[in-house]
Structure formats: C-alpha cells, structure tokens
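Here is the structure we will look at, set down as structure tokens.
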Amino acid sequence: ETLNAARDAWKASRVPYQQTEVYRFGNKIVDDWEGKVNSWPLDEGLIDYVAKSYGTESDANALYTANVIANKEIEINGKKVDASKLSPEFLSGTLQGAGGIEANVATGYHAIEFLLWGQDLHGTGPGAGERPYTDYDLKNCTGGNCDRRAEYLKSASDLLVSDIQEMVGNWKEDGAARKALVDGE
C-alpha cells in the first residue's frame, strides 16, 4: 500500500517536471542543474541488487555492481569509501558520477524510479520493474538490506525535493534562470 502510494507520488511529480524540460537547452543554469534530477541512463547495480543477466562487471565502470545498499564500504578510484550512511550528502557528493562515470547516477528521478520499481526486465516489451513491497518490509524482507534501501530512498527523495526547491528559487521573479531567459542568455 505505501509502496504504491510512493509510486503514485513519483508519477504525479514527474509530469510537471517534464513540462519544464523545454527550458533546459539554451539556459545554462537549468542545464547544469538538470543532471542532478534527471540523469539517465544509470547503472542500476551501483545502487541495489540486479538480475544475473545484468552481468557482474563492465570495462567502462568499476562500480557497475557496487550495490551500495548491500555494501557499507565501496571502492572508488582505488580508495575505500565509507558507505555506511546513505545520506543526501553522500549520494550527491560521493556517489553521483563516482569515478567520473556518467552512468553512476545515484540521485534524481531515475534513481528513485529504480528504487520504487526495481529493474525492468521486460526489454522493449510492455511492462516495468516489479520490485516487491517486501524489499522494504523490515519483518519479511526480501532482497536483503530493507533498512538501507529505505534509508537510500528517503535520502534520494529528500534530495530531489531540495533540488527542485532550488530550481523554483531560480525561476522566481529575481531568480537567475528567469533572468537569463529574459535577458536572452
């Protein structure tokens, strides 16, 4: 019930965001900010468990299957990193774009989408991910690490709200994005 409510909230918030994308190109303020909330594609294995068909490694990304939800310590560029606290600061400051890899998407709509629906194994066919609610159920946990998955989802959601509030401020009458649009920058 709560997982479905969270999915509904994600869908409801996504529509107004998509309507703003018209301002993305040509407005440096919006384009620079957009990567925090709408980066895609993401290597899902960075965040959580994935199907065996996903594979176990990538020549391009050492964090392809880091699974930060299951691992309280990961290695980024040869250095051990404490991942015991999945805070908004950790997600945005350490994990997002980790190792200089664009596919290491740890924040924003698509990371939250993966946390809510899980991996989409339908290929090009209709359907979506089928993450069970028990991936968040502390008493009947499937997939393991339900507490950390919930912590990650909360941090990513709080960060998304904060990032969107930042852009709201940028579009106010005296905001930088609005000023750039009006001034033709």
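Remark: pairs (first residue in the range 38-64, under 19 Å from T107 (Cβ atoms) and free of Cβ contacts under 8 Å to residues at least 40 places away in the same chain; second residue crowded, with 20+ Cβ neighbours inside 10 Å and of a type in the set (G, A, S); Cβ separation under 8 Å; 6+ apart in sequence or on different chains) = G45/A66; Y64/G45.
Here K28 does not fit the description of being out of contact with any helix residue (DSSP H, G or I) (no Cβ under 8 Å at 6 or more places or on another chain), surrounded by fewer than 18 Cβ atoms within 10 Å (Cβ to Cβ), basic (K, R) and at negative phi.
The sole residue among L159, L86 that is surrounded by 15 or more Cβ atoms within 10 Å (Cβ to Cβ), in a helix (DSSP H, G or I), in contact (Cβ under 8 Å) with a residue 60 or more places away in the chain and on the phi < 0 side of the Ramachandran plot is L159.
Filtered by the rule that a residue be within 30 Å of E75 (Cα to Cα) and touching a residue at least 40 places away in the same chain (Cβ under 8 Å), the range 2-34 gives a lone residue, W33. Restricting A111, A106, A150 to those that are part of a helix (DSSP H, G or I), among the small types (G, A, S) and surrounded by 19 or more Cβ atoms within 10 Å (Cβ to Cβ) reduces the list to A111. Residues in the range 61-73 that are within 16 Å of R149 (Cα to Cα) and either β-branched (V, I, T) or under 16 Å from the mean Cα position of the chain (by Cα) (or both): T65, A66, N67, V68, I69.
Readers should treat all values here as calculations from the given coordinates under stated rules, not as data from a laboratory. All figures in this text were calculated on a predicted structure; none of them were measured in a lab. A quick note on method: Cβ atoms are made from the backbone with ideal geometry, for glycine too, and the neighbour counts reach across all protein chains shown.
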